[in-house]
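Any read-out appearing in this document is the output of simple, stated calculations on the displayed coordinates, not a laboratory observation. In this text the structure is predicted, and so the values were computed from the model without any measurement. So basically every Cβ, Gly included, is an ideal-geometry build from the backbone, and we count neighbours across all protein chains shown.
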Amino acid sequence: MRFSSILSKDEIKKFKEYLDIYIRKDQSFHFGVANDIAIIYPTTFDTFHAARKFYAIDDYSLEGLAHFLGVEIKGRLHVSPEKMAIDERTLKYNEQDVIEEVRIFLHLVQQGLPLAFITGMPFELLFPSGATKMWDYMAMIRAAYHKKIMPPLCRVYDVAKKLLEYKGKKKDIVEKVRRDGASKEVLRVAKYGDEMPDWVEYPFLIYDEKNKDIAYHFPGGMTIKPDRDANSHFVPWYKVIVADVGAMYPTILRAINAGADTVRLAKDEEPDDWIWLKKVPERFIEEVKPVIKEGTEEFIDKGVLMGVKISKEPGVVNLAMKGIMNFIKKLKQEMKEKSGKEKQILSMMYQSLKAARNAGTHGILSAPTVSCRQFNLWGAALITTKGQKILYDTLKTLERNGARVVYGDTDGIYVACSRAASRKLREALGAIPDGEDWIIHPSKVLEIIDYCNKKWRNALNYEEFELEAEEHEAMIFVKHKNYLIFDVEDRNVIMITKGNNFKGSDKPDIARIVLKDIMLDVLKENLEWKDEEEARRKVKDSIMKVTLEKVKNLDIEKFDLDAFTLIQSVQPHERYKPNPDGSPSVYGERAAALEKLVGKLVVRRKFRFVVTKKPLPGIRNPTKSGVKPIHYMYPVELLEDRNQIDMEWYKEMIKNFVQGAFGLPSLESCRQYGLDRWM
């Protein structure tokens, strides 16, 4: 900085000294777009990136975060950029901004600080980083300490695609690159010479030139779909115990020393272990000649088993995982001893470290489309193959002992214990307490899980192996990766939704609020059952009946205005691409209409809208769709009366949301009968 219309020469000099000493220029990547940023020493805590790291929410603005964390200032000022000035109102607005920002920081730092400490990453690098970058960083620290060479940073899929023309061994690739040159990505890898990763010699294993896709496929978690495999959909299952797989993969990694620098393909030698690959190019088997055999285990439906060699020395990821798992072990012990606020803080730290732990297994070793240093297909497949064996063995052990397995995915195996709600759940729902109707007693399920843990601790020769058991009061499954969890906290029923069906990210909060009310009433009507098919029919009928009742009696006065709001960004109207016939698009029309209300838009701006009975002023032929009624979205700040809100639209939206979430053909109750009913 040399000149300024505001700062004097002396002030510029002091400011430059400050920048030179305390600021480091860097880049931050948001959706792949690089932005110049200034990192202020000793550290910069970016609450936006921190929130994106720890929370999956729709709105990461200051207002959205404050509302999500419950730290917003009641009745706070909202000043649009056009109305800001050097006055008391703007000063108060800025003051409230800072107060909310500090409150958000105090929440986030409790999760961010232990994660930064255990990873060794400064906040500026940690929060924008994905799992691969975070684990690469931890691995590089340990590689430097143990004097190991870290592989080059690259996007394996893209490099493999370009390496198809470089046929031969590593020395042949280096010679061709030296002679003919290469792209920046290939050059970065080729510079490693003999230290290049082995996959450069068989890029056709990574990139399928014919189908333009990934050429290999290895198994993930064990999938038990509720509608196809378990036949457990739309049944209210009570006292559900989950054998949590999340903690299993890190312990497998530690037990068998699976990592980028520890596992390699076995060739003309006795394998240390076998990995299961569902799909491998024939060319790879013919040219590379790995040690292979047919899989005889029941869970192997197709593919081959391939031999691998495993290093005796702990790998860099193994060493990093050891630190995180030791930290988590201490946290879990402290959580048992603490209560209240202290326990809540420890719980937040635990969730943060647990997420980092679970991300550091086969995912970081098999991310061919992400820039990383530790791609190793053999290590990743070794973890998942061992995981498949353990899960299949656990599943069969549970089934042999009379357990009703109702679901399974990458999160774990779900076992339903009762056909009737517990006393605790009934009381929280305001129902008359009654006893459970056990399918299998929870203590028996916990015994089976404990037996499986002991069995696999011995098999893996690793005492820390654990399938963690979690318990839920009730669950209703719809389809794979879409289900509802019901638990009781402080005598209140908490409902957690899982899956895109229930996400409704383009819906106002009222849709999710009413969904919870609907499902609590559905549970009340189905607190116990005897026959699964009958229970399934009754639950579907209840969902349809209760939804129509709730929508019919929906009272606008019972909800805050926030429940009706939709948050959308609006650009200056001239930036929107017109329709093919040259007329302005619906978004362009809305932007132009908004500018008549709030003034000229210079940059993209977020608005909080409600859907109103009348369209925005100036729109000649308004259209009102059921999904996004753009022409009828009115800024909340300009709403004069709640009666302007179109409750009929919201009612229809809720019905469509519930119908779509549960995959129901209609909300109108109707029974279908077979022909035999009329014979």
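Determine the calculated [θ] at 222 nm for the chain from helices alone, applying -39500 (n - 2.57) to every DSSP H run no shorter than 4 residues and normalising by the residue count; nearest 500 deg cm²/dmol.
Calculated from helices alone, the mean residue ellipticity at 222 nm is -13500 deg cm²/dmol.
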Mind checking the log10 I(q)/I(0) for region 484-582 at q = 0.11, 0.14, 0.22 Å⁻¹? Debye, one equal scatterer per Cα, no solvent, two decimals.
-> -0.51, -0.71, -1.31
Label-point gap, in nm, between residue 489 and residue 109 - each point 7 angstrom along Cα→Cβ = 2.4 nm
Can you tell me which of 569-578, 650-659, 240-249, 609-618 comes out highest on packing, and rank the rest after it, using the mean Cβ neighbours within 10 Å?
-> 240-249, 650-659, 609-618, 569-578
Evaluate the charge dipole of the chain about its Cα centre and quote only its size in Debye, nearest 20, assuming +1 on the Cβ of each Lys and Arg and -1 on the Cβ of each Asp and Glu.
-> 1220 debye
Rounded to the nearest 20 Debye, what is the dipole magnitude of region 504-679 about its Cα centre when Lys and Arg each give +1 and Asp and Glu each give -1 at the C-beta?
-> 600 debye
Return the loop-located GluC sites (Glu not before Pro) in region 282-370 (DSSP other than H, G, I, E, B) with at most 10 other Cβ atoms within 10 Å of their own Cβ; answer none if there are none.
-> 294, 298
Size of electric dipole in region 44-129: Cβ of Lys, Arg +1 and of Asp, Glu -1, about Cα centre, debye, nearest 20 | 200 debye
Give the distance, in whole Å, between the Cα centre of region 184-220 and the Cα centre of region 388-439.
-> 44 Å
Rg and Dmax of region 405-493 over Cα atoms: what are they, in angstrom?
-> 15.6, 49
Taking r as the C-beta separation of residue 162 and residue 583 and R0 as 41 Å, the FRET efficiency to the nearest 0.05 is 0.35
C-alpha center-to-center spacing [region 44-80, region 117-175] in angstrom | 34 Å
Taking the alpha-carbon centroid of each part, what is the distance from region 611-669 to region 233-284 in angstrom?
-> 48 Å
